[in-house]
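Trainee: Input: one structure, supplied below.
The values are calculated or read from the model by the stated rules, or taken from the named source; none is laboratory data. Just so it is clear, the structure is predicted and the values come from calculations on it, not from any experiment. Glycine gets a Cβ as well: all are built from the backbone with ideal geometry, and neighbour counts include every protein chain shown.
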Amino acid sequence: MIQKIKKISLTMFAAAGVLVGASNIAVAAGGDVPQPPKNDWAHVGPFGKFDKAALQRGFQVYKEVCASCHSLDLVAMRTLSDLGYNEDEVKAIAKEYDVMDGPNDDGEMFSRPGRPSDYFPAPFANDQEARAANGGALPPDLSLIAKAREHLSLFRPWKSQYGEDYLVALLTGYDDAPEGFELGEGMSYNTYFAGHQIAMAAPLSEDQVEYADGTPATVKQMSKDVATFLYWASEPKMEARKELGFKVLAFLLILSILLYFTNKKIWADVKGK
Ligand code: HEC
């Protein structure tokens, strides 16, 4: 019997070792880039909620800087009400965009001012045009980028990385290429991009936008704000998800207590006093 337990625990130990090893390989596949520094996020943690002011500032950065190259295909403008805008403000924002619609009765496509029900129009007609304008590189759609660059490691939680932290690191990680590093034409050196060569020139510089709420627009501030906005874009229903989670836990707790007393009562006669 003891022999058997020993054998089982050894097998489990070995299996755990293989899994931890596998998670190491997954991390190593990210290349020789350093771990992005962690930031304080209002939306992280079981009680985390979105910082609406940061979301609005981040949207401003996306709109004024990133939107000239990056699409946001999966985000409908009506959802901007999550950022704290009222209905009229959302309508006004939508109106700023020209949206392709049609065909009309003559079979032609036409352009009209945007409506809240529209999705954000893409800056380029297709991937080829996007590549042609960016030296052959394709600026990825940013709808899910915060989730796409997330890395959660169950076995080495300290190696976990939020996509938001990576975005901040990427946007603030531009630097001169170190001695002896061959940088391709039109490429920029970035500490946190896999391979260190990125076809996106540093998009942010000090005071690039003028924040409506007077927050100083440092590169770090704009990066954090746009990362918050992009995290929201990738998981707009985060607050509802956390709330539901708490309700489920509360339900299970109450159910467990009831079951405990029911069980006691049912067996009371059998077990005696
Ligand atoms: C002038 C065009 C341009 C602008 C403006 C621009 N980008 Fe990019 N971006 C690119 C291109 C091109 C790539 C692809 C780079 C590559 O693959 O080497 C890219 C890649 C990225 C990536 C993917 C990095 C990865 O890990 O794969 C992110 C994230 C990103 N950009 C975010 C932003 C944000 C946020 C802004 C606004 C602050 C912005 N970009 C502004 C052109 C742009």
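Trainee: Determine which member of the set Ala146, Ala137 is modelled with pLDDT of 95 or more, touching a helix residue (DSSP H, G or I) at 6+ places or on another chain (Cβ under 7 Å) and within 15 Å of Ala227 (Cα to Cα).
Mentor: On the way: Ala137 fails: within 15 Å of Ala227 (Cα to Cα).
The unique qualifying residue is Ala146.
Trainee: Here's another thing I want to ask about it. Suppose we filter Leu55, Leu72 for residues that are surrounded by 15 or more Cβ atoms within 10 Å (Cβ to Cβ) and under 15 Å from Glu239 (Cβ atoms); which single one remains?
Mentor: None of the other options fit; the residue is Leu55.
Trainee: Restricting attention to segment 222-244, report how many residues are touching a residue at least 40 places away in the same chain (Cβ under 8 Å) and either more than 8 Å from the ligand (Cβ to nearest atom) or charged (D, E, K, R) (or both).
Mentor: 13
Trainee: Among the listed residues Ala194, Ala125, identify the single one that is in contact with a Gly (Cβ under 8 Å, 6 or more places away or on another chain) and in a loop (DSSP other than H, G, I, E, B).
Mentor: Only one candidate qualifies: Ala194.
Trainee: Could you give every pair whose Cβ atoms fall below 7 Å, whose first residue belongs to segment 245-256 and is under 13 Å from Pro46 (Cβ atoms), and whose second residue is modelled with pLDDT of 95 or more and not in a helix (DSSP H, G or I), counting only separations of at least 6 or pairs across chains?
Mentor: No pair meets every condition.
Trainee: List the number of the failed condition for Ala202; all other conditions in (1) surrounded by 11 or more Cβ atoms within 10 Å (Cβ to Cβ); (2) without any contact (Cβ under 8 Å) to a residue 40 or more places away in the chain; (3) over 21 Å from the mean Cα position of the chain (by Cα) hold.
Mentor: (3)
Trainee: Here's another thing I want to ask about it. So which residues in segment 128-140 are surrounded by fewer than 17 Cβ atoms within 10 Å (Cβ to Cβ) and within 12 Å of the ligand (Cβ to nearest atom), if there are any at all?
Mentor: As a first pass, look at segment 128-140 and keep what is surrounded by fewer than 17 Cβ atoms within 10 Å (Cβ to Cβ): 128-129, 131-138, 140.
Arg131, Ala132, Ala133, Asn134, Gly135, Gly136, Ala137, Leu138, Pro140 - these are the residues of segment 128-140 that are surrounded by fewer than 17 Cβ atoms within 10 Å (Cβ to Cβ) and within 12 Å of the ligand (Cβ to nearest atom).
To keep it simple, each residue is scored yes or no on (1) within 10 Å of the ligand (Cβ to nearest atom); (2) in contact with a Cys (Cβ under 6 Å, 6 or more places away or on another chain); (3) at pLDDT 95 or above.
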position	(1), (2), (3)
Trp158	no, no, no
Leu171	yes, no, yes
Tyr174	no, no, yes
Leu204	yes, no, yes
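Trainee: Confirm whether Lys95 is within 18 Å of the chain's Cα centre (by Cα) and basic (Lys, Arg).
Mentor: On the way: within 18 Å of the chain's Cα centre (by Cα): no; basic (Lys, Arg): yes.
So Lys95 fails the test.
Trainee: Condition check: at pLDDT below 95 and not in a strand (DSSP E or B). Does Gly107 satisfy that? Quick ask: steps written out before the conclusion?
Mentor: Values: at pLDDT below 95: no; not in a strand (DSSP E or B): yes.
No; evaluated as a whole, the condition is false for this residue.
Every residue, every condition in (1) small (Gly, Ala, Ser); (2) near the ligand (Cβ under 10 Å from one of its atoms); (3) surrounded by 13 or more Cβ atoms within 10 Å (Cβ to Cβ); (4) closer than 26 Å to Thr218 by Cβ, yes or no:
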site: Lys95; (1), (2), (3), (4): no, no, yes, no
site: Ser111; (1), (2), (3), (4): yes, no, no, no
site: Tyr119; (1), (2), (3), (4): no, no, yes, no
site: Asn126; (1), (2), (3), (4): no, no, no, no
site: Arg149; (1), (2), (3), (4): no, yes, yes, yes
site: Ser153; (1), (2), (3), (4): yes, no, yes, no
site: Gly186; (1), (2), (3), (4): yes, yes, no, no
site: Asn190; (1), (2), (3), (4): no, yes, yes, yes
site: Phe193; (1), (2), (3), (4): no, yes, yes, yes
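Trainee: Looking only at segment 78-102, filter to residues that are modelled with pLDDT of 95 or more and assigned to a loop (DSSP other than H, G, I, E, B); which one of those is nearest to Phe50 (Cα to Cα)?
Mentor: Residue satisfying both the conditions and the ranking: Gly84.
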